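These notes concern the structure reproduced below.
The values are calculated or read from the model by the stated rules, or taken from the named source; none is laboratory data. All figures in this text were calculated on a predicted structure; none of them were measured in a lab. Heads up, the Cβs are rebuilt from the backbone with ideal geometry, glycines too, and the neighbour counts pull from every protein chain shown.
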Amino acid sequence: MKLTRKCTTLMLLPALWLTFAPACHAERMYKWVDSDGYVQYSNRMPPEAAQHERKEINEAGRIVRVYSAPQTPEEKAEAKRLAELEELRLERERKRAVHDRSLLATYSSKEDMIDAQHGKITMIESLIQLTHSRIESMQDRLLTLTEEAASYERSGKPLPFALQHQLRNLRDQVENNTQFAADKEQEIGHIRKQFAQDIARYEELTSGPEPSARQHKSALEIALHNTKVELTREDRTLLATFSSETDLMFARNEELQKIDEEIKQAFSRVDALQKKLAELTDNADEYEAAGETLPDALVGQMKIVMTEIEQGEALLHSKRAEKQQAESHYNISIKRFRYLTASNP
């Protein structure tokens, strides 16, 4: 049995169907709106109905199940994007909760956190001082080798292979150590910012006041009521990904710390290779001082180490550029987030 009527005349169909339900052996009915806008009822689902939302109705006339219409490719893509954003948001919340628990478990007071900050900064300042001492020592050695190279040039003699690479190695070490010291100075700034945020969060966690009405609202809800801006897709992604400016800063610090660790590892690798090259170069000097030809194995080792140093320095440069890009990206995002969630005048 299949009945088809226009929407304006089909309001009586459920009652009529219920009247004759015993004759239909209490079969369940299906209801949907077809492509022409007509409401359809049937105890069998035609193939074309699969393209529309369908509702299954029991013998009591109640909807027991709803079959959604298939999603378009655009709807599927948007659903996937929203699901990924939600997953990222939940992961951020999980990490934030872990961080909160760590703060409460690690520190007993605000003063305790200030002492910890001072200890970390003091340790890094000592490392910076040691690095500057190394730079001064290398610069003295570089000056001595430069004068030696000048004496070869004045006499018209070619610079020995070992002397050339000693000069290059020392210049690279001075440059890398200078940059390392600058990175550590910057790290001190990040530590101060991180502790300032952690102290504020610690006070929030331990003060126990009732959250304000503004805190109950999501960042997106706040932005939607900001009449000064029209949200772009990028804005909605930003607000859906991060629940607060503090959350955004937490994510920034987390990423920068990861890059800093990679920079530290790359620097240590280059530093170790440069020391190895210095040892090989000293060995080469001994052969030249004795008037002997450098062994092929020694020359080959020096070339391999120099190639590895070049690769390590390229990685170091790449990571430093990545850090600058990440800092710039997050600074822009934080300013935009702050603007979007600002109170309306």
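Observations
- In the set (1) assigned to a helix (DSSP H, G or I); (2) β-branched (Val, Ile, Thr); (3) free of Cβ contacts under 8 Å to residues at least 12 places away in the same chain, residue 263 fails one condition alone, (3).
- Residue, nearest to residue 233 (Cα to Cα), within segment 67-95, restricted to residues that are more than 22 Å from the chain's Cα centre (by Cα), at pLDDT 70 or above and surrounded by fewer than 11 Cβ atoms within 10 Å (Cβ to Cβ): 74
- Qualifying residue in segment 282-293 (condition: part of a helix (DSSP H, G or I), β-branched (Val, Ile, Thr) and modelled with pLDDT under 90): no
- Every condition in (1) surrounded by fewer than 15 Cβ atoms within 10 Å (Cβ to Cβ); (2) under 16 Å from residue 191 (Cβ atoms); (3) not hydroxyl-bearing (Ser, Thr, Tyr) holds for residue 143 except the one numbered (2).
- Within segment 111-148, considering residues that are of a type in the set (A, V, I, L, M) and under 11 Å from residue 181 (Cβ atoms), the one nearest to the chain's Cα centre (by Cα): 124
- When we screen 272, 284, 321 for residues that are within 19 Å of residue 163 (Cα to Cα) and either surrounded by 12 or more Cβ atoms within 10 Å (Cβ to Cβ) or assigned by TED's automatic domain parsing to the domain that holds residue 252 (or both), the only hit is 284.
- Conditions (1) in contact (Cβ under 8 Å) with a residue 12 or more places away in the chain; (2) under 29 Å from the mean Cα position of the chain (by Cα); number of the one not met by residue 331: (1)
- Test result for residue 156, at positive phi and loosely packed, with under 15 Cβ neighbours inside 10 Å: yes
- Answer from 120, 157, 95 - the residue that is in the same structural domain as residue 324 (by TED's automatic domain parsing) and more than 30 Å from residue 303 (Cβ to Cβ): 120
- Residue, farthest from residue 185 (Cα to Cα), within segment 111-132, restricted to residues that are surrounded by 14 or more Cβ atoms within 10 Å (Cβ to Cβ) and not hydrophobic (A, V, I, L, M, F, W, C): 117
- The criterion of at least 2 residues that are surrounded by fewer than 13 Cβ atoms within 10 Å (Cβ to Cβ) and modelled with pLDDT of 75 or more is met by the following helices (runs of 4 or more DSSP H) wholly inside segment 169-244: 233-241.
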